[in-house]
Number of protein chains: 2
Amino acid sequence: MKRRNTHQRQVILDILRQEHVHPTADQLYEEVKKAVPAISKGTVYRNLKILEEMGLINVLKLERNRHQYEYRRVNHSHFHCESCGAIFDIDVRFDAELDSNFISLTGFQVSHHNLEFHGLCQDCQNKQKNKTEEEPN
Amino acid sequence: MKRRNTHQRQVILDILRQEHVHPTADQLYEEVKKAVPAISKGTVYRNLKILEEMGLINVLKLERNRHQYEYRRVNHSHFHCESCGAIFDIDVRFDAELDSNFISLTGFQVSHHNLEFHGLCQDCQNKQKNKTEEEPN
DNA sequence: TTAGATGCAAAGGGTTTGCAACGTC
DNA sequence: GACGTTGCAAACCCTTTGCATCTAA
């Protein structure tokens, strides 16, 4: 199927192309409306699926029951804060040999891998610390 | 909150404790019914959430719009077939230093990481190969 | 001209939840 | 007896889809 270049799809991709942005479909919808007020949610969802098929964006499945989207960049992974849900982009180099190691160990044919780190971001660490100091046992 | 030890929760955990099992909530529900015919889906979902909080199981978010569950084991990652959706458990040793490398590089406080490889499993590779041979251009 | 894309609204489907009854400790 | 848990069914909410209309090429 020959894809056409629509204004709506272009706007969606432009928004995702900003660095360190990982909106949900709904947040994206609200953002796109500023440029294309008449856009419908269905169009957002359809285009997200198309852009994913085209390999231009990634789908992140970090939170329960909803997806987040990002522009596809090479060599980066994510840190996900378990408390506030924030996502940090991490430019990794330390996982460069994972795929080849995996292939030589298992014989599987690998197209790509997904690597996420989970923990507490600095803000949430501070909040926890303050809370503990305020309410000592 | 002090958790009680119910038959339903025990059966759910027992099923998940089998090796290489990654059922969806619905598949699990069907399976649990064999031992507890009157169980409801709500109970399955509630217990899955509780078992996750207790750190006894992991939630896999590989397929669109549904979760899969597994008993938590240390030091293993997954291979996910992009064609048939099968999940293979991989006992990894090659990612042992990921967390410490990540911490020393970024300063984040890491509790754990999630590593998935994606590609084609052997069966699906063969199917593709046969198809190509049957229908040459 | 024509097939892909859009807007709208309804439908789908996995997951959550309110409530009365029940079971564990 | 207290309170966590269950079954049931309805509600939720994110996502998909059918259809008439529009539009990029």
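Here are the numbers for this structure:
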| item | result |
| --- | --- |
| Evaluation of A:I39 against (1) in contact with a His (Cβ under 6 Å, 6 or more places away or on another chain); (2) β-branched (V, I, T); (3) more than 10 Å from DNA strand D (Cβ to nearest atom) (one fails), failing number | (1) |
| Among the residues listed as A:I103, A:I57, the single one being of a type in the set (V, I, T) and in the same structural domain as A:C124 (by TED's automatic domain parsing) | A:I103 |
| Residue that is among the charged types (D, E, K, R) and assigned by TED's automatic domain parsing to the domain that holds B:Q18, where the choices are B:E116, B:E133, B:E63 | B:E63 |
| Test for A:E63: is it of a type outside the set (F, W, Y), within 12 Å of DNA strand D (Cβ to nearest atom), more than 25 Å from B:I103 (Cα to Cα) and out of contact with any Asp or Glu (no Cβ under 9 Å at 6 or more places or on another chain) | no |
| Qualifying positions in the stretch B:95-104 - more than 7 Å from chain A (Cβ to nearest Cβ) and out of contact with any His (no Cβ under 9 Å at 6 or more places or on another chain) | B:A96, B:E97, B:S100, B:I103, B:S104 |
| Residue satisfying all of: in the stretch A:46-80; more than 10 Å from every other protein chain (Cβ to nearest Cβ) and within 8 Å of DNA strand C (Cβ to nearest atom); surrounded by the most Cβ atoms within 10 Å (Cβ to Cβ) among these | A:N47 |
| Count of residues meeting criterion [touching a residue at least 60 places away in the same chain (Cβ under 8 Å) and surrounded by 12 or more Cβ atoms within 10 Å (Cβ to Cβ)] in the stretch B:5-23 | 1 |
| Out of A:V21, A:V32, A:V92, sole residue that is β-branched (V, I, T), more than 13 Å from DNA strand D (Cβ to nearest atom) and within 11 Å of another protein chain (Cβ to nearest Cβ) | A:V92 |
| Residues of the stretch A:6-30 that turn out to be more than 13 Å from DNA strand C (Cβ to nearest atom) and over 25 Å from A:H76 (Cα atoms), as a count | 1 |
| Residue count, the stretch A:106-124 (criterion: loosely packed, with under 15 Cβ neighbours inside 10 Å and more than 7 Å from chain B (Cβ to nearest Cβ)) | 3 |
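The values are calculated or read from the model by the stated rules, or taken from the named source; none is laboratory data. Note that the coordinates shown come from a computational prediction; the quantities given were computed from them, not determined experimentally. Here the Cβ is made from the backbone with ideal geometry for all residues, glycine too, and neighbour counts use every protein chain on show.
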